[in-house]
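The values are calculated or read from the model by the stated rules, or taken from the named source; none is laboratory data. Remember, it's a predicted structure, so these values are computed and weren't measured experimentally. With ideal geometry, Cβ positions are generated from the backbone for all residues, glycine too; neighbour counts draw on all protein chains shown.
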Amino acid sequence: MRAGSRFVFVLAAMTGVIAGTSVSAHRLDECLQAARIAIEPTRVEVELDLTPGAAVAESMILDIDQDRDGRLSADEQRAYAERVVGSTQLEIDGRHLRLERSASTFADVGAFRRGEGTIRIRSSAGVPRQSDGAHQLVFRNTFRRDVSVYLANALVPGSDRIGVTAQRHAADQRDLTIDYVVRAEQSAVSALAWLRGIAGR
């Protein structure tokens, strides 16, 4: 995700408490999937972290290690990350957007077996030109529902043109609905105000 330091969680303090509690309670027989969604005027960026507990790590390693050589090759990592991205869905105002993997990193096999390894996958989708005003984004994660618990949150956008107004989670947090507004470009607003000022003289 671009310039990660630019982004913070919406209601960061509250989210931090919730997320911290969930991580600390992460069971060995679960895979914790935590998604962070950033909405920009022309793109949506998603960062998804998967952290399998020690009891389910071996099955996930086998899912990745297709040739069973005990290593997670670059090709195997890329194929797995694309499967994960393919199991997520993104809609804006009812219109489906295609997420594409942009980057991914994997911990080593030993870290996974200790329950300490994380897979971080970044993906993004282009957004067609949006009218000023209210819009709605729906994010859904369906990957490994048999062993997973989920978290999902909107991030404060990097652009002043986007404002997140609300977010609603499904009970299991696999689905996240984000209400947001698109504001007029500042330059256009300033020019209009200037013209009105001239006309009023």
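Here are a few things to note about the model shown:
- Any hit, region 120-133, residues being closer than 23 Å to THR88 by Cα, of a type outside the set (D, E, K, R), modelled with pLDDT under 95 and surrounded by 14 or more Cβ atoms within 10 Å (Cβ to Cβ): yes
- Evaluation of ALA35 against (1) in contact with a Lys or Arg (Cβ under 8 Å, 6 or more places away or on another chain); (2) at pLDDT 95 or above (one fails), failing number: (1)
- Tabulated pairs, region 161-186, first under 15 Å from ALA38 (Cβ atoms), second modelled with pLDDT under 95, C-beta under 6 angstrom, 6+ apart or interchain: VAL164/VAL10; VAL182/GLN130
- Look at region 61-86: where a residue is over 23 Å from GLU30 (Cβ atoms) and a partner is surrounded by fewer than 16 Cβ atoms within 10 Å (Cβ to Cβ) and aliphatic (A, V, I, L, M), sitting 6+ places away or on another chain with Cβ atoms under 9 Å, you get GLN66/ALA79; ARG68/LEU62.
- Listed here are the strands (runs of 3 or more DSSP E) enclosed by region 41-106 that have at least 2 residues being surrounded by 17 or more Cβ atoms within 10 Å (Cβ to Cβ), touching a strand residue (DSSP E or B) at 6+ places or on another chain (Cβ under 8 Å) and not basic (Lys, Arg): 43-52, 88-92, 100-106.
- Within region 89-101, the set of residues being within 18 Å of ASP49 (Cβ to Cβ) and without any contact (Cβ under 8 Å) to a residue 24 or more places away in the chain comprises just one member, ARG101.
- In a residue-by-residue description of region 109-122, the property of being without any contact (Cβ under 8 Å) to a residue 60 or more places away in the chain, out of contact with any His (no Cβ under 9 Å at 6 or more places or on another chain) and farther than 22 Å from ASP29 by Cβ applies to no position.
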